[in-house]
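What follows is a short report on a single structure.
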Amino acid sequence: MTISLTLADITAQLGGDVTGDPTMRFDRIGPLSGATASTVSFLSNPRYRSQLAESAAGCVIVAPAQADEARARPAGGAVIVTPDPYLYFARLTQLWARLTRPREAAGVHASAVVDATAQVHASAHVGPMACIGPGAVVGEGAVIGAQTVIGRDVRIGSQTRLAPRVVVGDGCSVGDRCILHSGVVIGADGFGFAPTEGRWEKIEQLGAVRIGHDVEIGANTCIDRGALDDTVLEDGVKLDNLIQIGHNVHVGRHTAMAGCVGVAGSARIGAGCTVGGGAIILGHLQLADGVHVSAATVVTRSILKPGQYSGVFPFDDNAAWEKNAATLRHLHTLRDRVRALEKKNV
Amino acid sequence: MTISLTLADITAQLGGDVTGDPTMRFDRIGPLSGATASTVSFLSNPRYRSQLAESAAGCVIVAPAQADEARARPAGGAVIVTPDPYLYFARLTQLWARLTRPREAAGVHASAVVDATAQVHASAHVGPMACIGPGAVVGEGAVIGAQTVIGRDVRIGSQTRLAPRVVVGDGCSVGDRCILHSGVVIGADGFGFAPTEGRWEKIEQLGAVRIGHDVEIGANTCIDRGALDDTVLEDGVKLDNLIQIGHNVHVGRHTAMAGCVGVAGSARIGAGCTVGGGAIILGHLQLADGVHVSAATVVTRSILKPGQYSGVFPFDDNAAWEKNAATLRHLHTLRDRVRALEKKNV
Amino acid sequence: MTISLTLADITAQLGGDVTGDPTMRFDRIGPLSGATASTVSFLSNPRYRSQLAESAAGCVIVAPAQADEARARPAGGAVIVTPDPYLYFARLTQLWARLTRPREAAGVHASAVVDATAQVHASAHVGPMACIGPGAVVGEGAVIGAQTVIGRDVRIGSQTRLAPRVVVGDGCSVGDRCILHSGVVIGADGFGFAPTEGRWEKIEQLGAVRIGHDVEIGANTCIDRGALDDTVLEDGVKLDNLIQIGHNVHVGRHTAMAGCVGVAGSARIGAGCTVGGGAIILGHLQLADGVHVSAATVVTRSILKPGQYSGVFPFDDNAAWEKNAATLRHLHTLRDRVRALEKKNV
């Protein structure tokens, strides 16, 4: 579905200090480069500043420092000045989504299987072939996508959206205004076994998963249930796709993790952390608030001080890498050789 | 569902050398720290030994070496002495799960689609909207979760539990007493193509997947079908979440892999191995029995001797890492410089 | 289903320069080692050449250079000579698959939920409990597997096969002759947030995913929708299982990626590239055509020249690795020490 908004429509909803004809119409949000007269664009990253003057965007969203430059663009057009253009852009995408995406109707699709003891709020939407177990509670305005499975005694908060084909296991809870994308599995068993006589005896996972408010979880990400206590994601946590969160992990408020991260069991991650894509965090570790882990870094011990941490083998053309890697396998010996030379050279 | 068990209930089922009032009641299994009079706790890892004396747990499970210390706890309470407290704990969680989790009823849900030529044992449970293909056989006491898809000619062993939303592809087989968690995909095509004129010609994957008894497979893990022969997981293999097992891989008995591991095609992994989270094992390699691969290690050649193997770039604060990584890119040159110095210093 | 083909059946379909009795029958394709008189085998990788003479295969497919040797095998049997035996083998597997796999019947299963405004070609197959949204178009001969969810206004090309339990989100498109395996999620939201006051404000993802013709996507792989523009996979791209493709990524024609790869947002990957398993490609990078990234390599900057690129910490037995890794943490200091020695030794 396409829409066209006037400048007045936008600023009526989102505010800002505006210059331009309020009846101008826009049908697209887009980057400065490639923009046309019907595009709303924005400048937040200073590295794109050089594009501002040449952009043909019908409207640009800028910070006060760029206001004069924006208003002097040869292409003319409107300017919205706001303290944080990226945040304004985020809210503009939200406005766009509200206007262009059909709202799911309240009610339960005829093909869904809802247990008689489940409580689904009258304003909630339950899609085709969804399955809601005994004792489950689905809150006001919640959306349960097609083929999503809600287990026994699960709680889904109000305004929370589960995409098609999510699984929320027995006894787990999801707060308000969360978004869970397709393929997410909440509450599979944690990986726990007692070794005995050369085989593994299962430790039944008796805890659950507790997810706070305003949490977003990407496609095919897994959050395991705790062994005895619960696995916890606090309010505002954002997880990308294909992430593994082990049993009894605790993730603090507003921590964000990019795709393909693995967090092993019982790790305790602080608030306001970020974890780059493909990073691995070993089990039973602690990360302080405000720790930032670079992509593909393997965290093998606790980090008690905020800051940026990294550990990635630098890539190179294959021949150069092979030579360096071969030398690396004898690095300790090389150090000893340097030490021996130093003794000779005292 | 919550329960409360007496000390006598527990020891009647699991044995052990008991001290304490058999009518004491417990409603929770939990760690020593934070335990209350209604908690059963255990000591297996010696690093928690200091917590034993102070624990308020109503019952502690300990090894013979800690029996006296446990019986002398200021908090009093019961003591169960057993040669392997962790194994006892595992069995206690199993007892707990049996008593607290509702059993799925035998029978096929009205919304499931079961082919007329499939054979589902009368004692098996087939959940809502499950789909069972032609010629499939589902064994005694098996549980097929909601929306799980069982392909043509698949065999599911007795007492095996498939969580909601598992896929088992055509012709694959799963042994007895297995557990497959939500999102597992068994028998997707292996990744095989013949390059020709700058594009890829598909090699149809004609093998299947054979899974032994007592295998557990974590959420969203994928086991590809073989190209010509079968991909095989032997008895007792335990795989965590989000693992990729390529075509024609063979995993030996009682080998366990943590989350996010990738095993490329035709690797042959021995029995009793462990593979840490995020490790990558390249294709066509062999790992002997009893090989232990550390988390995030990349195995690039066969390992023919049992032992622990590792290869992880040590992480550091970002500035320190950057300096070391920059030097690493010239490591081979550094070695040459050391060699030159050695010649001068003979 | 098993079949048996005569030599004449095979060569009538696939050609080749044949020696042998056209009525010979084969019921299996298999490697040279372990082959029997009813096996068709092939030699393409020179490292298996020594197996040719001893193989008992009833028929071998070889390149012209091995024709004489193949015809002189002690086991006798047929020989098919062709310029590219691996390609011939690929086509033989395709022939085998066509003959042994039942074709899905045209039509929509009674349990599927198809919106009244969707257009499903009469020759297409829609499996049990599939769900097809408003305005979606499913092309000629397409196969929509059981429980697959097709969103609003999606286009699925002709002869494209979606396995059971795929999700294709609203507005996304998939070309002709594609294969999407179980658990694939196309069009979940890209991971985009504006930071504000210590929390994350969602950037609604307004783009879609566009997938070309002849693309194959492995089980549980995720392709996120673009933030403003579309995420694009060009014709002939082949992705293995459990891959993450971030928003606004562009993957060029005939590029192939092995399992567990992560590609961060806005990366632009050329045509004819290969990416090894577990590799990570950071966001906003460019890879030229013909770039080959080794398994588990982390690509942290653009690569503008074709070639093979690597960056993997060499694994070792744990003790050796520990010593080298400990030294690596002081590598920059070691370099300074070498420099100091060099100054003394001028």
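The values are calculated or read from the model by the stated rules, or taken from the named source; none is laboratory data. What you see is a predicted model; the values in this text were computed from it and never measured. Cβ atoms come from the backbone with ideal geometry, glycine included; neighbour counts cover every protein chain shown. The protein model used for the area step is the full one, side chains on, heavy atoms only, and it has no ligands, DNA or RNA in it. Shrake-Rupley method; radii C 1.70, N 1.55, O 1.52, S 1.80 Å.
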ask   = From C:H254, C:H284, C:H292, C:H332, which residue is touching a Ser or Thr at 6+ places or on another chain (Cβ under 6 Å), without any contact (Cβ under 8 Å) to a residue 60 or more places away in the chain and at the interface with chain B (Cβ under 9 Å from one of its Cβ atoms)?
value = C:H332
ask   = Do you know which residues across the stretch A:256-283 are open to solvent by 10 Å² or more (accessible area, probe 1.4 Å), closer than 19 Å to C:I281 by Cα and out of contact with any Cys (no Cβ under 9 Å at 6 or more places or on another chain)?
value = A:A258, A:T274, A:G276
remark   = Counting only residues that are assigned to a strand (DSSP E or B), over 26 Å from the mean Cα position of the chain (by Cα), more than 8 Å from every other protein chain (Cβ to nearest Cβ) and of a type in the set (A, V, I, L, M), the stretch B:104-127 contains a total of 3
request  = Give the number of residues within the stretch A:215-248 that are among the hydrophobic types (A, V, I, L, M, F, W, C), under 16 Å from A:T274 (Cβ atoms) and over 13 Å from the mean Cα position of the chain (by Cα).
outcome  = 1
ask   = Any residue in the stretch B:205-214 that is assigned to a loop (DSSP other than H, G, I, E, B), closer than 22 Å to C:N45 by Cβ and out of contact with any Gly (no Cβ under 6 Å at 6 or more places or on another chain)?
value = yes
inquiry  = Yes or no: the stretch A:235-248 includes at least one residue that is closer than 30 Å to B:R91 by Cα and surrounded by fewer than 24 Cβ atoms within 10 Å (Cβ to Cβ).
reply    = no
request  = Return the total of residues in the stretch C:321-330 being in a helix (DSSP H, G or I) and open to solvent by 40 Å² or more (accessible area, probe 1.4 Å).
outcome  = 4
Output for the stretch B:96-133, where each listed residue is in contact (Cβ under 8 Å) with a residue 40 or more places away in the chain and out of contact with any strand residue (DSSP E or B) (no Cβ under 8 Å at 6 or more places or on another chain) = B:T100, B:R101, B:P102
query = Out of curiosity, is B:I203 under 23 Å from the mean Cα position of the chain (by Cα) and at pLDDT 95 or above?
reply = no
task = Pull up the stretch C:322-341, narrow it to residues that are more than 16 Å from A:F313 (Cα to Cα) and among the aliphatic types (A, V, I, L, M), then point me to the one that is nearest to the chain's Cα centre (by Cα).
result = C:L334
request  = Among the residues of the stretch B:323-346, write down those that are among the charged types (D, E, K, R) and farther than 30 Å from B:H292 by Cα.
outcome  = B:K323, B:R335, B:D336, B:R337, B:R339, B:E342, B:K343, B:K344
query = List the pairs whose first member sits in the stretch A:47-60 and is assigned by TED's automatic domain parsing to the domain that holds A:G20, whose second member is hydroxyl-bearing (S, T, Y) and open to solvent by 60 Å² or more (accessible area, probe 1.4 Å), and whose Cβ atoms are under 6 Å apart, counting only residues at least 6 apart or on separate chains?
reply = A:Q51/A:S33; A:A56/A:T36
key: Selection within the stretch B:128-163 - in contact with a Ser or Thr (Cβ under 6 Å, 6 or more places away or on another chain), open to solvent by less than 10 Å² (accessible area, probe 1.4 Å) and part of a loop (DSSP other than H, G, I, E, B)   = B:M129, B:A130, B:A142
Filtered residue count, the stretch B:288-329, keeping only those that are in contact with a Leu (Cβ under 7 Å, 6 or more places away or on another chain), farther than 18 Å from A:G276 by Cβ and in the same structural domain as B:C260 (by TED's automatic domain parsing) = 6
remark   = Reported set for the stretch B:215-233 where residues are outside any loop (DSSP other than H, G, I, E, B) and either farther than 18 Å from A:V185 by Cβ or of a type in the set (D, E) (or both) is B:E216, B:D224, B:T231, B:V232, B:L233
message = Considering only residues that are more than 8 Å from chain C (Cβ to nearest Cβ) and part of a loop (DSSP other than H, G, I, E, B), which ones fall in the stretch B:179-191?
response = B:H181, B:S182, B:V184, B:G190
ask   = With C:G198, C:G265 as the choices, which residue is touching a residue at least 60 places away in the same chain (Cβ under 8 Å) and either out of contact with any strand residue (DSSP E or B) (no Cβ under 6 Å at 6 or more places or on another chain) or within 14 Å of chain B (Cβ to nearest Cβ) (or both)?
value = C:G265
task = Could you please find all residues in the stretch B:1-59 being of a type in the set (V, I, T) and either surrounded by 20 or more Cβ atoms within 10 Å (Cβ to Cβ) or assigned to a loop (DSSP other than H, G, I, E, B) (or both)?
result = B:T2, B:I3, B:I10, B:T23, B:I29, B:T36, B:T39, B:V40
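For (1) more than 9 Å from chain A (Cβ to nearest Cβ); (2) in contact with a helix residue (DSSP H, G or I) (Cβ under 7 Å, 6 or more places away or on another chain), each residue gets a yes or a no:
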residue	(1), (2)
B:Q66	yes, yes
B:G77	yes, no
B:P85	yes, no
B:R98	no, no
Of the criteria (1) of a type outside the set (F, W, Y); (2) in the same structural domain as C:R177 (by TED's automatic domain parsing); (3) free of Cβ contacts under 8 Å to residues at least 24 places away in the same chain, which one C:G151 fails = (3)
message = Consider the stretch B:72-108. How many of its residues are among the β-branched types (V, I, T), under 15 Å from B:F26 (Cβ atoms) and buried (at least 19 other Cβ atoms within 10 Å of the Cβ)?
response = 3
Residue under evaluation C:A118, criteria (1) open to solvent by 30 Å² or more (accessible area, probe 1.4 Å); (2) not assigned by TED's automatic domain parsing to the domain that holds C:S33, criterion not met = (1)
note = Restricting attention to the stretch B:164-173, the residues that are outside any loop (DSSP other than H, G, I, E, B) and either within 14 Å of chain A (Cβ to nearest Cβ) or polar (S, T, N, Q) (or both) number exactly 2
query = Is one or more of the residues making up the stretch B:335-342 among the aliphatic types (A, V, I, L, M), at negative phi, open to solvent by 20 Å² or more (accessible area, probe 1.4 Å) and not assigned by TED's automatic domain parsing to the domain that holds B:V249?
reply = yes
request  = Give the residues of the stretch B:11-25 that are closer than 13 Å to B:V81 by Cα and not small (G, A, S), sorted by residue number.
outcome  = B:T11, B:L14, B:D17, B:V18, B:T19
task = Tell me, yes or no, whether the stretch A:305-320 has at least one residue that is surrounded by fewer than 22 Cβ atoms within 10 Å (Cβ to Cβ), out of contact with any His (no Cβ under 6 Å at 6 or more places or on another chain), more than 10 Å from chain B (Cβ to nearest Cβ) and farther than 24 Å from B:L331 by Cβ.
result = yes
